[in-house]
Protein chains: 2
Amino acid sequence: MKKGLLLVVSGPAGSGKSTVDSLLCAGGDFERSVSYTTRLPRAGEVNGRDYNFVSEAEFDKLEKEGALFESNCFCGYHYGSPRRRAEEVLASGRNFIMEIDVHGAMNMKKIYPEALLIMLLPPSYSEQEKRLRGRGTEPEEKILARLEQTKRELEFLPQYDYIVYNADGKIEAAAEEIRSIVRAEKQSVRRNPEAKDTYLAN
Amino acid sequence: MKKGLLLVVSGPAGSGKSTVDSLLCAGGDFERSVSYTTRLPRAGEVNGRDYNFVSEAEFDKLEKEGALFESNCFCGYHYGSPRRRAEEVLASGRNFIMEIDVHGAMNMKKIYPEALLIMLLPPSYSEQEKRLRGRGTEPEEKILARLEQTKRELEFLPQYDYIVYNADGKIEAAAEEIRSIVRAEKQSVRRNPEAKDTYLAN
């Protein structure tokens with residue numbers, strides 16, 4: 001059984017990353033990371049889907065056991081990403097998706113250098129702008145702030161491994177591109193340092 | 001139109017690389033490199049398929065025009081690999097396949113660093129041995145020499161980008177893996193240094 005890959009997927013507002021990730025997870029070969037938090041669930045949030053809601057004591061225990069990749073504190077609440085679950089999923093041959101922003105992605109690259117970093121983008125900046133305005137739910141200044149943020153996020157693009165464009169109505173194509181990337185990466189020489197010895201021994 | 005990729009495909013005797021490459025070329029997205037030579041065609045060889053057979057004067061002209069990646073002399077005849085044709089094919093968005101041995105591959109990596117190096121292998125060494133014996137056309141010492149050569153060739157595996165296994169009766173799967181690798185590579189950040197600027201400008 002070949003080990004799965006840990007995918008870090010980032011994408012600006014309007015990139016559709018949660019929809020693409022859901023499509024990947026629906027296929028069964030991918031599982032999405034669910035973070036731990038000590039804060040209380042908000043209306044509509046589901047335990048185990050949006051977050052794993054835990055007590056302070058449980059969080060401490062997870063941290064001490066090494067069950068988290070990293071943890072941080074925000075507004076007095078703890079948040080942590082699930083290393084133990086990631087390792088279980090990867091060992092089973094399935095892939096693990098972490099949907100995180102560029103700063104989190106840079107951090108994961110340090111903590112877990114085998115992580116594969118994918119940037120999901122709308123087809124273009126003007127298309128992204130159209131999508132954000134099309135939502136009709138956000139005030140103009142928030143839309144402009146998100147667009148400005150995208151420019152800052154794109155400065156990190158050279159640290160990513162792959163770019164996938166998510167065109168309108170082609171969300172399945174974007175998911176299929178990610179599947180192709182994962183298939184290809186699993187055949188890469190650098191991810192198979194034992195290939196020569198295995199070949200000769202069999 | 002996105003530029004095509006130059007694939008260097010190597011594989012030991014019994015890997016089935018010419019069959020896999022033919023399958024890729026049949027799809028139209030790939031074209032196989034045909035070398036130039038000043039030697040005369042042997043029985044059964046077809047001009048433009050096995051080699052481009054040219055005169056000494058034509059060969060000199062190709063070399064002076066920069067139409068060749070490299071050239072060498074063997075038994076008094078010249079051989080050269082087609083750079084100009086490669087560039088035409090890549091510019092059209094199609095991919096160019098060069099079927100060459102590990103030494104030629106190392107050389108291409110220096111001459112054309114964007115080349116993507118793929119090692120095609122039978123599923124295992126014992127399977128390779130079975131295939132070579134199964135041909136029933138070669139004396140035992142030749143089979144053993146080929147197997148020994150494979151061990152030396154595999155020393156170069158760390159310089160390759162991808163490994164593709166060609167299992168019995170699954171030649172289409174091997175070709176599809178190569179197509180996946182090419183699709184993925186075209187989305188890689190290092191092959192798209194202009195991605196950020198293009199995104200923001202559109």
Any pair with Cβ under 6 angstrom, 6 or more apart, that starts in region B:125-149 at a residue that is within 14 Å of chain A (Cβ to nearest Cβ) and ends at one that is in a helix (DSSP H, G or I) and of a type in the set (Ser, Thr, Tyr): B:Tyr125/A:Tyr199
On the given criteria, is B:Glu129 among the charged types (D, E, K, R), assigned by TED's automatic domain parsing to the domain that holds B:Cys25 and surrounded by fewer than 17 Cβ atoms within 10 Å (Cβ to Cβ)? no
Mind checking which residues of region A:2-42 are on the phi < 0 side of the Ramachandran plot, out of contact with any strand residue (DSSP E or B) (no Cβ under 9 Å at 6 or more places or on another chain) and not in a helix (DSSP H, G or I)? A:Lys2, A:Lys3, A:Ala13, A:Gly27, A:Arg42
Please go through region B:43-52 and give me each residue that is of a type outside the set (A, V, I, L, M), under 26 Å from B:Leu132 (Cα atoms) and part of a loop (DSSP other than H, G, I, E, B), ordered by number. B:Gly44, B:Glu45, B:Arg49, B:Asp50
When you scan region A:98-110, do you find a residue that is touching a Pro at 6+ places or on another chain (Cβ under 8 Å) and surrounded by 13 or more Cβ atoms within 10 Å (Cβ to Cβ), even just one? no
Only one of (1) more than 11 Å from chain B (Cβ to nearest Cβ); (2) surrounded by fewer than 13 Cβ atoms within 10 Å (Cβ to Cβ) is not met by A:Pro193, so which one is it? (1)
Unique match (being polar (S, T, N, Q) and under 19 Å from B:Glu194 (Cβ atoms)) among A:Thr137, A:Thr150: A:Thr150
Test: residue in region B:78-85 that is free of Cβ contacts under 8 Å to residues at least 60 places away in the same chain, surrounded by 13 or more Cβ atoms within 10 Å (Cβ to Cβ), among the hydroxyl-bearing types (Ser, Thr, Tyr) and in a strand (DSSP E or B): yes
Matching entry among B:Glu45, B:Glu88 (being touching a strand residue (DSSP E or B) at 6+ places or on another chain (Cβ under 8 Å) and surrounded by fewer than 17 Cβ atoms within 10 Å (Cβ to Cβ)): B:Glu45
Looking at region A:132-156 only, could you name the residues that are among the hydroxyl-bearing types (Ser, Thr, Tyr) and surrounded by 12 or more Cβ atoms within 10 Å (Cβ to Cβ)? A:Thr150
Would you be able to say whether some residue in region A:53-62 is surrounded by fewer than 18 Cβ atoms within 10 Å (Cβ to Cβ), away from chain B (no Cβ under 14 Å) and part of a strand (DSSP E or B)? yes
Inspect all residues belonging to region A:181-189 and state whether any of them is under 18 Å from A:Lys3 (Cβ atoms), within 11 Å of chain B (Cβ to nearest Cβ) and over 22 Å from the mean Cα position of the chain (by Cα). yes
B:Val9 - would you say it is under 30 Å from B:Lys151 (Cα atoms) and either modelled with pLDDT under 95 or not assigned by TED's automatic domain parsing to the domain that holds B:Met108 (or both)? no
Residues of region A:157-175 that turn out to be buried (at least 18 other Cβ atoms within 10 Å of the Cβ) and facing chain B (nearest Cβ under 10 Å), as a count: 7
Taking the criterion of being β-branched (Val, Ile, Thr), touching a Pro at 6+ places or on another chain (Cβ under 9 Å) and at pLDDT 95 or above, would at least one residue in region A:167-178 satisfy it? no
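The values are calculated or read from the model by the stated rules, or taken from the named source; none is laboratory data. The structure displayed is predicted, hence computed values, not measured ones. Heads up, the Cβs are rebuilt from the backbone with ideal geometry, glycines too, and the neighbour counts pull from every protein chain shown.
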